[in-house]
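First up is the structure itself, then whatever we jot down about it.
Please treat every number below as a calculation from the coordinates, not as lab data. Keep in mind that this is a model prediction, so the values were computed, not measured. Using ideal geometry, Cβ is built from the backbone for each residue, glycine included, and neighbour counts are taken over all protein chains shown.
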Amino acid sequence: MSEEILRNVRSNLFKIEPYVPGKPMKEVKREYGLEEVIKLASNENPLGPSKKAQDAIVAAMADIHRYPDGGARDLKVALCERNGVTPSQILVGNGSDEVIKMISETFLHAGDEVVIPAPTFSQYWFGAQVMGGTTVTVELGAGFEFDLDAVLAAVTERTRLVYLCTPNNPTGTYIKKQAMQSFLERVPKHVLVVLDEAYIEYAEAEDAANGIEFLHGGHNVIVMRTFSKLYALAGLRLGYAIGPSAVIGAIERTREPFNANLLAQAAAVAALADEEHREASRQVNRDGIAQLTAGLELLGYSVIPTQANFLIFDTKTDDKEIFQALLHEGLIARSGTALGVPGYLRISVGTAEENSKFLEALKRVVFRLNQKV
Ligand SMILES: Cc1ncc(COP(=O)(O)O)c(C=O)c1O
């Protein structure tokens, strides 16, 4: 290969920090010689997929020699019914990761600005950097609460996108209706506000903003949601965005024709219809948050209140050390350092058994680390 080829690589790509996912369970088992590993690292649904979704996948399997429906009609019809929108307002993606990339490809020229309250989900930076955009990071306020005035102050003539993730990954904090209303009324008309609601189905706070209401209110918003979390289909990769038809139509131009695969579409339609599985998943989460919060507080930690299916807490020490020690115990968490919240650890809610194994392992790890000092 000639050196010239590498010189042709777009220089902005070298600025991209590759995404570091939660460690796969198989890898941890192999690396640490463990029989049992518990993964509480990627905010997945610990109940597993709905039986109805699994049946739909089995039924659809005989058709996988065919291309999927590129227009995802059945799925869009189901989503339209729930959200009071039309199919032209829905864009499907191979996970909302792909939706973020498509939004970036649609709106960003080199040098265009993207405003991102942080710490938050890393793919917003990725999307901007792939397109040579400039990211403007606005720190969250005290207690990781959103400071939307500061976000507004960071908007300039060059701003094209503002990402608001609510409930926010990795902090679990959320944006209240009133704050969102006031922000959207003031944000300049040339800015598209991307509301990432990957975890909104878990939120129980009565005053939590719901993007669809603001979309119906005529604001410049696009709402992203996913089947990876409450709907427990992360492995199939299916996310979507709902927005004004003209905006969705523009983003559609970047979409590959068959980006949402056939099994994912079938499973998603079935999962949407399975209210029982969703309610059970919410209950597991509610109970898990209470269990983890009480257990962590008993160990002397303070927990950031969360509206999602994960929480962060202040380790009051080097989070990387605790993360590593937990790996040896067969527990995969996420170190806050890797997520922009150094000193904290992020735990996804597991089953009651997984949560208590985590708490026990943490207790052992902290005891050992304290003895070393
Ligand atoms: C806030 C947020 N948005 C989007 C995603 C990506 O979801 P998907 O699996 O649909 O690509 C995640 C995944 O963890 C997330 O935390």
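The value obtained for the stretch 125-189, namely the Cα convex hull volume divided by the number of residues, is 90 Å³ per residue. Relative to its residue count, the stretch 141-285 spans a Cα convex hull of 133 Å³ per residue. Here is the list for the stretch 153-231: trypsin sites (Lys or Arg not before Pro) lying in DSSP coil, each with at most 12 other C-beta atoms within 10 angstrom of its C-beta, are K189. Fully extending the segment from L34 to S88, taken as 0.36 nm per residue of separation minus the present Cα-Cα distance, adds 14.5 nm.
Largest GNM mean-square fluctuation across S88, S96, S228, computed for the chain with C-alpha springs under 10 Å, falls on S88. What the pair-distance distribution of the stretch 78-181 shows, using all Cα-Cα distances binned every 10 Å from zero, is 14, 39, 36, 10, 0 percent. Quarter the surface of the alpha carbon convex hull of the chain and you get the mean projected area, 21.0 square nanometres.
Dimensions of the stretch 325-373 along the principal axes, based on C-alpha atoms and rounded to the nearest Å, stand at 33, 27, 14, largest first. Taking only the alpha-carbon positions of the stretch 235-373 and ignoring solvent, what does the Debye formula give for the base-10 log of I(q)/I(0) at q = 0.09, 0.21 Å⁻¹? Debye intensities relative to I(0), on a log10 scale: -0.42, -1.19.
Neighbour counts of other Cβ atoms within 10 Å put T134, T86, T173 in the fewest-to-most order T86, T134, T173.
Comparing E35, E276, E213 in a Gaussian network model of the chain (Cα springs below 10 Å), the most mobile by mean-square fluctuation is E35.
Subtracting the Cα-Cα distance of T156 and L6 from 0.36 nm times their residue separation leaves 50.5 nm of extension gain. About its Cα centre, the dipole of the stretch 51-274 is roughly 480 debye, where the only charges are +1 on Lys and Arg Cβ and -1 on Asp and Glu Cβ.
Charging the Cβ of each Asp and Glu at -1 and of each Lys and Arg at +1, and nothing else, the dipole of the stretch 159-274 about its Cα centre rounds to 440 debye. Rounded to the nearest 5, the antiparallel percentage of DSSP beta bridges internal to the chain is 45%. Which of the aspartates and glutamates could be linked to K229 by a straight reach, that is with a Cα gap under 14 Å, when you skip same-chain ones fewer than 8 residues away? Cross-link targets: E44, D97, D196, E197, E201, E279. The three principal axes of the Cα atoms in the stretch 21-107 give end-to-end lengths of 51, 38, 28 Å, sorted in falling order.
Between the listed residues A153, L299, I5, the Cα displaced farthest toward the positive end of the dipole of the chain, a dipole computed from Cβ unit charges relative to the Cα centre, is found at I5. For the stretch 1-150, the Kirkwood radius over C-alpha pairs fed into Stokes-Einstein at 37 °C and 0.692 mPa s yields D = 164 µm² per second.
Its relative contact order, with pairs defined as Cα atoms under 8 Å and 6+ residues apart, puts the stretch 51-274 at 30 percent. Backbone N atoms of the stretch 299-322 closer than 19 Å to the 7 Å Cα→Cβ label point of L369 belong to residues 299-304, 311-322.
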